[in-house]
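The values are calculated or read from the model by the stated rules, or taken from the named source; none is laboratory data. None of the values given here were measured: they were computed from a predicted structure. As a convention, Cβ positions derive from the backbone with ideal geometry for all residues, glycine included, and neighbour counts pool all protein chains shown. Ligands, DNA and RNA are excluded from the accessible area calculation, which covers all protein heavy atoms including side chains. Shrake-Rupley method; radii C 1.70, N 1.55, O 1.52, S 1.80 Å.
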Amino acid sequence: MSAPTPETTELAATAEPSVVPANSDSARASLEALRSEIAKAVVGQDPAVTGLVVALLCRGHVLLEGVPGVAKTLLVRALAASLELDTKRVQFTPDLMPSDVTGSLVYDARTAEFSFQPGPVFTNLLLADEINRTPPKTQSSLLEAMEERQVTIDGSPRPLPDPFLVAATQNPVEYEGTYPLPEAQLDRFLLKLTVPLPSREDEINVLTRHANGFNPRDLKAAGIRPVAGPADLEAARVAVAKTSVSPEIAAYVVDICRATRESPSLNLGASPRGATALLSTARAWAWLTGRDYVIPDDVKALALPTLRHRIQLRPEAEMEGVTADSVITAVLAHVPVPR
């Protein structure tokens, strides 16, 4: 995808794209069309769109972090509409119960039997709004769904639809009455994407659209139509799985993650699961940019969103103004890049 990366890092690849099957080219073109389609509703969030597409290709989940009012919910709804996927939204609150997410058994007096009523998790794109506002018991109800892609009720596993993606949001500035996600749950998210405030020009564009009658609750009126579907995603996933990774690139990913474990600013570095995730996202990005092999710039481009939520700062480092992003950036600057 020719869009900006999920971060400010720009790819410097100049290699010619390799020959790929026609269905792969068609799938890539369809996914590239998502940018312009979603832009009909969401202004200036191309990196977040790219990150969500990468997550879909890797069968991963996304944590969206941004202050209220930066179109996190609208972004997920527009993505679902552009991909012709089913989507549901759950507003996480302190009194939300696990069964409100997964579903429950309901007694039917007419048949004298219990029947399963599916919860909102049985969808393609689940928007878990303000996930850190619900207690850990309810947060954990998503763990099996995210990892195993199924829900077990009364000992019976029930598979979730495919594709399935959890897009969870959280507010980075308001922590009163919240329950921070434990490291084990954060690690289940493939990417953590920051959704920034728009630039002045983008914000003027937003206001101009609203002045001209744009209604964020009516995406059809905004002209959003499906430009890709599950078949395109499946073809893209097959192509991504064939994207080659040299031993040097695999070693580079490992060296980056091992360097985070040795950083004096961190209590916790990236785990082997983090290394696997970084390799997966780099492969997806390589395919989106038209190559069937991974280069170091692909790894660099996805390192921040893939690793920032998998490391834990020391308290004294936080007091000195160190951030997870600054630690990862320093690691990327010091780890030797394969030639």
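Could you check segment 138-163 and list, in sequence order, the residues that are more than 21 Å from Val106 (Cα to Cα) and either of a type outside the set (Asp, Glu) or assigned to a strand (DSSP E or B) (or both)?
Matches in segment 138-163: Gln139, Ser140, Leu143, Met146, Arg149, Pro161, Pro163.
Considering only segment 119-136, how many residues are touching a residue at least 40 places away in the same chain (Cβ under 8 Å), farther than 19 Å from Glu65 by Cα and open to solvent by 20 Å² or more (accessible area, probe 1.4 Å)?
1
Where in segment 41-117 are the helices (runs of 4 or more DSSP H), entirely inside, with at least 2 residues that are open to solvent by 10 Å² or more (accessible area, probe 1.4 Å) and polar (S, T, N, Q)?
Qualifying helices (runs of 4 or more DSSP H): 98-102.
Out of all the residues in segment 243-250, is one or more touching a residue at least 24 places away in the same chain (Cβ under 8 Å), more than 24 Å from Asn124 (Cα to Cα) and either of a type in the set (Lys, Arg) or in contact with a helix residue (DSSP H, G or I) (Cβ under 6 Å, 6 or more places away or on another chain) (or both)?
Looking for residues that are touching a residue at least 24 places away in the same chain (Cβ under 8 Å), more than 24 Å from Asn124 (Cα to Cα) and either of a type in the set (Lys, Arg) or in contact with a helix residue (DSSP H, G or I) (Cβ under 6 Å, 6 or more places away or on another chain) (or both), one finds at least one in segment 243-250, hence yes.
Say we look at segment 263-286 and pick out the residues that are closer than 19 Å to Leu52 by Cβ and of a type outside the set (A, V, I, L, M); which of these is surrounded by the fewest Cβ atoms within 10 Å (Cβ to Cβ)?
Checking each candidate, the answer is Ser280.
If I filter segment 31-40 for residues that are touching a residue at least 40 places away in the same chain (Cβ under 8 Å), open to solvent by 40 Å² or more (accessible area, probe 1.4 Å) and touching a Gly at 6+ places or on another chain (Cβ under 8 Å), do I get at least one hit?
yes
Being in a loop (DSSP other than H, G, I, E, B) and on the phi < 0 side of the Ramachandran plot is the filter here, so list the residues in segment 118-137 that pass it.
Within segment 118-137, Gly119, Pro120, Val121, Phe122, Thr123, Asn124, Thr134, Pro135 meet the criteria.
With Tyr252, Tyr179 as the choices, which residue is surrounded by 20 or more Cβ atoms within 10 Å (Cβ to Cβ), more than 26 Å from Ser24 (Cα to Cα), out of contact with any strand residue (DSSP E or B) (no Cβ under 8 Å at 6 or more places or on another chain) and of a type in the set (Ser, Thr, Tyr)?
Answer to the check: Tyr252.
For the list (1) more than 30 Å from Ser26 (Cβ to Cβ); (2) open to solvent by 50 Å² or more (accessible area, probe 1.4 Å); (3) not basic (Lys, Arg), I need the number of the one condition that Thr260 fails.
(2)
Does Asp255 fit the bill of being among the acidic types (Asp, Glu) and modelled with pLDDT of 95 or more?
Taking the combined requirement at face value, the residue satisfies it.
Could you pull out every one of the helices (runs of 4 or more DSSP H) wholly within segment 287-339 that has 3 or more residues that are surrounded by fewer than 18 Cβ atoms within 10 Å (Cβ to Cβ), in contact with a helix residue (DSSP H, G or I) (Cβ under 9 Å, 6 or more places away or on another chain) and touching a residue at least 12 places away in the same chain (Cβ under 8 Å)?
324-334
Could you tell me whether any residue of segment 108-118 is among the aliphatic types (A, V, I, L, M) and modelled with pLDDT of 90 or more?
The answer is no; no qualifying residue exists.
Which residue is farthest from Gly290 (Cα to Cα), if the candidates are limited to segment 64-82 and must be modelled with pLDDT of 90 or more and in contact with a helix residue (DSSP H, G or I) (Cβ under 7 Å, 6 or more places away or on another chain)?
In this case the residue turns out to be Leu64.
Can you confirm whether segment 229-246 contains a residue that is in contact with an Asp or Glu (Cβ under 8 Å, 6 or more places away or on another chain) and surrounded by 18 or more Cβ atoms within 10 Å (Cβ to Cβ)?
Yes: one or more hits.
Somewhere in segment 193-203, is a residue surrounded by 12 or more Cβ atoms within 10 Å (Cβ to Cβ) and over 21 Å from the mean Cα position of the chain (by Cα)?
Yes, the conditions are met somewhere in segment 193-203.
Can you tell me which residue among Leu219, Leu160 is in contact (Cβ under 8 Å) with a residue 12 or more places away in the chain, within 20 Å of the chain's Cα centre (by Cα) and within 30 Å of Ala27 (Cα to Cα)?
Leu160
Before we move on, is Asp100 modelled with pLDDT of 90 or more, more than 22 Å from the chain's Cα centre (by Cα) and either over 18 Å from Pro216 (Cβ atoms) or not aliphatic (A, V, I, L, M) (or both)?
yes
Inspect segment 164-171 for any residue being among the polar types (S, T, N, Q), in a strand (DSSP E or B) and within 16 Å of the chain's Cα centre (by Cα) and give the result as yes or no.
Looking through segment 164-171, at least one residue is among the polar types (S, T, N, Q), in a strand (DSSP E or B) and within 16 Å of the chain's Cα centre (by Cα).
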